[in-house]
Amino acid sequence: MPQAERIRRAKKEERLQARVTPAQKNLIERAAEIRGTSVTEFIVACAQEVATATIENFEVLHLRNEAREVFIDAILNPPAPNAAARAAAERYRKHTGL
């Protein structure tokens, strides 16, 4: 079953409220009517779509070609630890007892 269907069938116990201008309300009502849904269904579907995209854009790292190559090279061929990194690792070992 697709995620949208599972969400639609899930028990709905939470409530959201928003104050809008008359123009915003008319716009939303018109869009909901065009889609053939209720205003509530329209708002929830649109909010969920934008929320999902917002989270995805935040969590996914997008790199251009050159930056991608530099990033991959740094992951696959990391530089040797410098003195500060070695000292930090030693402090960590002493602190954790490893």
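The values are calculated or read from the model by the stated rules, or taken from the named source; none is laboratory data. As the structure is a prediction and not an experimental result, all values here were calculated from the model. Glycine also receives a Cβ, built like all others from the backbone with ideal geometry; neighbour counts cover every protein chain displayed.
Name the helices (runs of 4 or more DSSP H) wholly inside region 13-98 in which the number of residues that are within 27 Å of the chain's Cα centre (by Cα) and among the hydrophobic types (A, V, I, L, M, F, W, C) is 3 or more.
Values: elements: 22-35, 39-59, 65-76, 83-96.
Filter on region 13-98 gives 22-35, 39-59, 65-76.
Would you check if Arg91 is exposed (fewer than 11 other Cβ atoms within 10 Å of the Cβ) and either polar (S, T, N, Q) or out of contact with any Phe, Trp or Tyr (no Cβ under 9 Å at 6 or more places or on another chain) (or both)? Yes; evaluated as a whole, the condition is true for this residue.
Condition check: at pLDDT below 95 and under 26 Å from Gln17 (Cβ atoms). Does Phe58 satisfy that? Yes: the conditions hold for Phe58.
Answer yes if at least one residue in region 38-46 is surrounded by 11 or more Cβ atoms within 10 Å (Cβ to Cβ), touching a helix residue (DSSP H, G or I) at 6+ places or on another chain (Cβ under 6 Å) and at pLDDT 95 or above, and no otherwise. Checked against the condition, which is being surrounded by 11 or more Cβ atoms within 10 Å (Cβ to Cβ), touching a helix residue (DSSP H, G or I) at 6+ places or on another chain (Cβ under 6 Å) and at pLDDT 95 or above, region 38-46 yields at least one hit.
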